[in-house]
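Report on the structure given below.
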Amino acid sequence: MEQIHCIGCGVEIQTEDPKGLGYTPKSSLEKENILCKRCFRLKHYNEIQDVSIHDDDFLRMVSSIRDKKGLVVHIIDIFDVNGTMIKSLPRIVGNNPIILVGNKMDLLPKSTNQNKLIQWLRSSAKELGLKVQDVFLISSVKGYGMEELTNQIEEYRNQQDVYIVGTTNVGKSTFINRLIKQSVGESDVITTSYFPGTTLGFIEIPLDDDSALIDTPGIVNHEQIAHYVSDQDLKVITPTKEIKPRVYQLNSEQTLFFGGLARLDFIKGDRQSFVCYFSNNLPIHRTKLEKADELYENHVGELLSPPDEESMKLLPPFTTSSYRLNGEKTDIVFPGLGWVTVSGACTIVAHSPKEVAVSLRKSLI
């Protein structure tokens, strides 16, 4: 079969994978001018749809940004900073300035200290070698922080192009749709004209005569727990409303299970509070440490769920991390799931799927 390319973004058309780049239904192949699904949605409905692309392809595709001048807006998920911060970004974007945007602010408890959160995001970026000009907190769903961000993008971009980059599942498409609304007006030229000359799955939305907002496909990062659970389980673990803290008073040698996707053992220390911040729909189960292995063995996927049957085939085996905490208020972060805040001195062991590394930070709340 001859290769067919999308007249919008130049990507090679395929009809097999609806989530992949260049997808179009078979029925569309009969048309004279063929658009991929993503370009079709933009042209007719003013809507950007996210597609995912693997790391190597992404690097090849977007390394062209290095040779251009523009502002890079890197969207991350506040619930999964480890899984959504792109470590290879400096290689991709060269000397172009980067601003970091933490999305999904509306899901954090109102008592979250935003200054601490911004500082933590800055230091997390610095540890990965990402030099960021500024950090913003937004909710692309609720619109929180979007007006300030839009104004600051205008300042920082210096009349140059703006590249939007992020991993899958960070809410990038919702963000761009909202940005389009704020930047060029809801029913502007986007629905009536088209922009050829975009290549390889970039989508360009003109900001003025000389510059554009450029959407890049979402990169697949295998440190995201999202890749190891079914779509059904992803709905359970992804918060859709403000998270309500759940508090457990634990004695040493007790264990908390977060569904059957992660586990925290309280090994040693005085009786104290473990404050859990996870999706309100994720069940938390307390048991004695001596019974924990047996409970998991016999009840994962049932009493301890998610995972469902499909996720159990995808999940890597658990790996463990031991920590001795000195009594400073600390968050134990399970990337893509949530975190547990501990205030007292104690020894703990965290269990999580092998690819999804647990980390510690100063408490944000």
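The values are calculated or read from the model by the stated rules, or taken from the named source; none is laboratory data. All values reported here derive from a predicted model rather than from experimental measurement. Reconstructed Cβ throughout: ideal geometry from the backbone, glycine too, with neighbour counts over all protein chains shown. All accessible areas refer to the heavy atoms of the entire protein, side chains included, with ligands and DNA or RNA removed. Shrake-Rupley method; radii C 1.70, N 1.55, O 1.52, S 1.80 Å.
Descriptive notes on the structure:
- Some residue of the range 284-298 being closer than 23 Å to residue 327 by Cβ and either open to solvent by 30 Å² or more (accessible area, probe 1.4 Å) or assigned to a loop (DSSP other than H, G, I, E, B) (or both): yes
- The number of residues in the range 101-127 being open to solvent by 40 Å² or more (accessible area, probe 1.4 Å), in contact with a Leu (Cβ under 8 Å, 6 or more places away or on another chain) and in a loop (DSSP other than H, G, I, E, B) comes to 1.
- For the range 213-246, a residue qualifies if it is more than 30 Å from residue 58 (Cα to Cα) and not in a strand (DSSP E or B), and the qualifying residues are 241, 242, 243, 244, 245.
- Residue identified as in contact with a Ser or Thr (Cβ under 6 Å, 6 or more places away or on another chain) and closer than 26 Å to residue 142 by Cβ among 237, 243, 205, 267: 237
- The lone exception for residue 249 - which of (1) assigned to a loop (DSSP other than H, G, I, E, B); (2) without any contact (Cβ under 8 Å) to a residue 60 or more places away in the chain it fails: (1)
- Only one entry in 257, 266 is surrounded by 16 or more Cβ atoms within 10 Å (Cβ to Cβ), within 26 Å of residue 84 (Cβ to Cβ), in contact (Cβ under 8 Å) with a residue 40 or more places away in the chain and not hydroxyl-bearing (Ser, Thr, Tyr), namely 257.
- For the range 62-84, the candidate set comprises residues that are at pLDDT 85 or above and of a type in the set (Gly, Ala, Ser); within that set, the residue that is farthest from the chain's Cα centre (by Cα) is 70.
- Scan the range 44-85 for residues that are open to solvent by 60 Å² or more (accessible area, probe 1.4 Å), out of contact with any strand residue (DSSP E or B) (no Cβ under 8 Å at 6 or more places or on another chain) and either within 20 Å of residue 178 (Cβ to Cβ) or not in a helix (DSSP H, G or I) (or both) and the total you get is 2.
- Residue in the range 141-151 that is open to solvent by 10 Å² or more (accessible area, probe 1.4 Å), outside any strand (DSSP E or B) and under 23 Å from residue 219 (Cα atoms) present: yes
- Any hit, the range 316-330, residues being of a type in the set (Lys, Arg), under 26 Å from the mean Cα position of the chain (by Cα), at pLDDT 95 or above and open to solvent by 20 Å² or more (accessible area, probe 1.4 Å): yes
- Among the residues of the range 231-254, those identified as crowded, with 16+ Cβ neighbours inside 10 Å and touching a helix residue (DSSP H, G or I) at 6+ places or on another chain (Cβ under 7 Å) are 233, 234, 239, 243, 254.
- Filter pass, residue 21 being in contact (Cβ under 8 Å) with a residue 60 or more places away in the chain, out of contact with any helix residue (DSSP H, G or I) (no Cβ under 6 Å at 6 or more places or on another chain) and part of a loop (DSSP other than H, G, I, E, B): yes
- Checklist (1) farther than 30 Å from residue 343 by Cα; (2) of a type outside the set (A, V, I, L, M, F, W, C); (3) free of Cβ contacts under 8 Å to residues at least 12 places away in the same chain applied to residue 232, failing item: (3)
- Contact map, the range 304-321: first residue over 15 Å from residue 258 (Cα atoms) and among the aliphatic types (A, V, I, L, M), second residue open to solvent by less than 40 Å² (accessible area, probe 1.4 Å) and not in a loop (DSSP other than H, G, I, E, B), Cβ cut-off under 6 Å, separation 6 or more or different chains; pairs are 314/228.
- Among the residues making up the range 86-100, a single one is more than 15 Å from residue 162 (Cα to Cα), in a loop (DSSP other than H, G, I, E, B) and open to solvent by 20 Å² or more (accessible area, probe 1.4 Å): 87.
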